[in-house]
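Data first, discussion second: the structure below is written as structure tokens.
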Protein chains: 4
Amino acid sequence: MSTERTIEALRTFMAERDWGQFHSPENLAKSISIEAAELLECYQWDGDADRDEVTGELADVLTYALLLADRLDLDPEQIVLDKLERTGRKYPVEKAKGRSTKYDRL
Amino acid sequence: MSTERTIEALRTFMAERDWGQFHSPENLAKSISIEAAELLECYQWDGDADRDEVTGELADVLTYALLLADRLDLDPEQIVLDKLERTGRKYPVEKAKGRSTKYDRL
Amino acid sequence: MSTERTIEALRTFMAERDWGQFHSPENLAKSISIEAAELLECYQWDGDADRDEVTGELADVLTYALLLADRLDLDPEQIVLDKLERTGRKYPVEKAKGRSTKYDRL
Amino acid sequence: MSTERTIEALRTFMAERDWGQFHSPENLAKSISIEAAELLECYQWDGDADRDEVTGELADVLTYALLLADRLDLDPEQIVLDKLERTGRKYPVEKAKGRSTKYDRL
């Protein structure tokens with residue numbers, strides 16, 4: 001499956017409902033935070049979450065993240081790979097291996 | 001570009017650093033919320049955000065979301081499309097068109 | 001110590017810097033989410049957080065929460081007590097004791 | 001009204017329900033983020049939120065913030081005032097007046 005087809009489906013869905021007017025980058029950023037917290041709620045009291053609920057909330061996070069990428073003309077796969085390269089430079093394997101320490105304390 | 005290739009790159013990156021041990025679903029859910037808030041911070045005082053900063057933070061949200069999907073053996077594209085179908089039933093075009101009202105108040 | 005004195009100190013601080021113009025309820029709500037995530041970051045990979053960092057981030061959450069209460073003319077103590085009473089009705093002791101289950105599943 | 005009385009009411013409420021067992025600092029930090037996002041949801045599509053909903057969600061944020069302060073033996077008023085002093089040093093009036101710029105860019 002390709003991201004492009006998914007984004008195309010999202011575009012059609014939003015156009016049918018005329019919802020693009022609500023999807024300013026700022027509103028999409030708020031929406032990502034809101035959905036991320038609903039995902040977190042699945043793990044509020046312990047690490048044992050309901051798989052169906054997690055799936056639905058993760059889908060909501062991804063949906064708004066893809067909408068924001070589309071709105072800003074960003075390729076979601078590409079920005080992940082670009083960031084991964086920058087992260088790799090901040091966390092070289094020999095220093096970061098097996099450690100969750102933040103880069104400025106490595 | 002395909003999601004599968006991006007996920008493969010993420011897997012390699014994490015394996016090289018032995019970071020999988022930190023990536024319990026719960027920790028990934030926390031990480032998505034943390035990065036979503038860093039994205040929101042770009043819009044803290046107004047809707048006018050720096051494009052490079054937004055790109056980097058959105059990439060972080062997507063990265064952790066893809067890692068969680070992978071951890072739970074979920075296809076990120078498929079769960080977005082499945083959720084879109086359910087959302088479509090909750091928000092039929094004729095009732096939801098042009099309105100940001102929540103489905104239980106439509 | 002009393003909340004009123006703390007709020008008074010916050011008001012003076014903000015007035016000196018002419019920051020009230022940025023503190024719309026919406027911007028304060030975003031700020032609370034942003035600071036809450038910085039607090040959560042202290043616990044990103046495990047439950048063992050640095051006390052000083054937690055203290056600083058919790059202070060930021062409380063600061064923005066008090067600013068929002070003040071902006072909306074709400075007494076922070078009173079709204080906590082009012083909500084506690086409503087929560088008590090949703091979670092009666094005999095049903096909720098020792099359980100983290102959400103009220104609609106009790 | 002004094003914070004101490006409010007915290008006392010929270011303590012009694014939680015003890016009656018034996019909920020202290022769920023309130024690890026980490027779980028409380030997650031809960032603050034979750035409630036902060038529910039507050040943010042009141043402002044998801046515009047700045048015009050329902051006052052009663054905002055009040056209830058802000059109360060939830062404050063409740064968990066007070067519970068975390070209590071759990072860590074921190075005086076909520078004092079940590080706000082201490083942080084205000086540190087913030088004052090990072091944002092001196094003459095540089096910060098009327099500007100929302102972050103201190104490292106002032």
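The values are calculated or read from the model by the stated rules, or taken from the named source; none is laboratory data. Quantities reported herein were computed from a predicted structural model and do not represent experimental measurements. Cβ: placed from backbone, ideal geometry, glycine included. Neighbour counts: every protein chain shown.
Evaluated against (1) within 12 Å of chain D (Cβ to nearest Cβ); (2) assigned to a helix (DSSP H, G or I), A:Q44 falls short on exactly one condition, (2). Against the list (1) within 14 Å of chain C (Cβ to nearest Cβ); (2) within 21 Å of B:R5 (Cβ to Cβ); (3) buried (at least 24 other Cβ atoms within 10 Å of the Cβ), the condition B:L67 fails is (3).
Contact map, the stretch A:66-80: first residue closer than 13 Å to A:R11 by Cβ, second residue among the small types (G, A, S) and not in a helix (DSSP H, G or I), Cβ cut-off under 9 Å, separation 6 or more or different chains; pairs are A:R71/A:S24. Mind checking whether some residue in the stretch C:23-30 is more than 19 Å from D:I34 (Cα to Cα) and not aromatic (F, W, Y)? Looking through the stretch C:23-30, at least one residue is more than 19 Å from D:I34 (Cα to Cα) and not aromatic (F, W, Y). Within the stretch D:53-78, being farther than 26 Å from D:Y43 by Cβ, out of contact with any strand residue (DSSP E or B) (no Cβ under 8 Å at 6 or more places or on another chain) and not basic (K, R) holds for D:D70, D:L72, D:D73, D:L74, D:D75, D:Q78. Only one of the numbered conditions (1) touching a residue at least 12 places away in the same chain (Cβ under 8 Å); (2) outside any helix (DSSP H, G or I); (3) of a type outside the set (F, W, Y) is not met by B:T101, and that is (1).
For residues that are β-branched (V, I, T) and within 13 Å of the chain's Cα centre (by Cα), scanning just the stretch D:72-97, find the one that is farthest from C:D48 (Cα to Cα).
Restricting to residues being β-branched (V, I, T) and within 13 Å of the chain's Cα centre (by Cα), the top hit is D:V80.
If you go through the stretch A:21-41 and keep only what is under 21 Å from B:E77 (Cα atoms) and without any contact (Cβ under 8 Å) to a residue 24 or more places away in the chain, you end up with A:S33, A:I34, A:A37, A:E38, A:L39, A:L40. For the stretch D:21-30, check the following and say yes or no: at least one residue is at pLDDT 95 or above and more than 18 Å from the chain's Cα centre (by Cα). Yes, that holds for at least one residue.
If the condition is being assigned to a helix (DSSP H, G or I) and either more than 7 Å from every other protein chain (Cβ to nearest Cβ) or at positive phi (or both), then the stretch D:15-24 contributes D:A15, D:G20, D:Q21.
All conditions in (1) within 14 Å of chain A (Cβ to nearest Cβ); (2) modelled with pLDDT of 95 or more hold for D:D104, with the sole exception of (2).
Matching residues to (1) in a helix (DSSP H, G or I); (2) within 14 Å of chain C (Cβ to nearest Cβ):
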{"site": "B:R11", "(1), (2)": "yes, no"}
{"site": "B:A36", "(1), (2)": "yes, yes"}
{"site": "B:L39", "(1), (2)": "yes, yes"}
{"site": "B:D48", "(1), (2)": "no, yes"}
{"site": "B:E57", "(1), (2)": "yes, yes"}
{"site": "B:L62", "(1), (2)": "yes, no"}
{"site": "B:L74", "(1), (2)": "no, no"}
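A search for C-beta distances below 7 Å between a residue of the stretch D:84-95 that is on the phi > 0 side of the Ramachandran plot and modelled with pLDDT under 95 and any residue that is surrounded by 12 or more Cβ atoms within 10 Å (Cβ to Cβ) and among the charged types (D, E, K, R), counting only pairs 6+ apart in sequence or on different chains, returns nothing. Inside the stretch A:7-44, residues that are surrounded by 18 or more Cβ atoms within 10 Å (Cβ to Cβ) and basic (K, R) make up a count of 2. Looking at the stretch B:83-92, can you tell me whether even one residue there is surrounded by 15 or more Cβ atoms within 10 Å (Cβ to Cβ), touching a Ser or Thr at 6+ places or on another chain (Cβ under 9 Å) and among the hydrophobic types (A, V, I, L, M, F, W, C)? Yes, the stretch B:83-92 contains a residue that is surrounded by 15 or more Cβ atoms within 10 Å (Cβ to Cβ), touching a Ser or Thr at 6+ places or on another chain (Cβ under 9 Å) and among the hydrophobic types (A, V, I, L, M, F, W, C).
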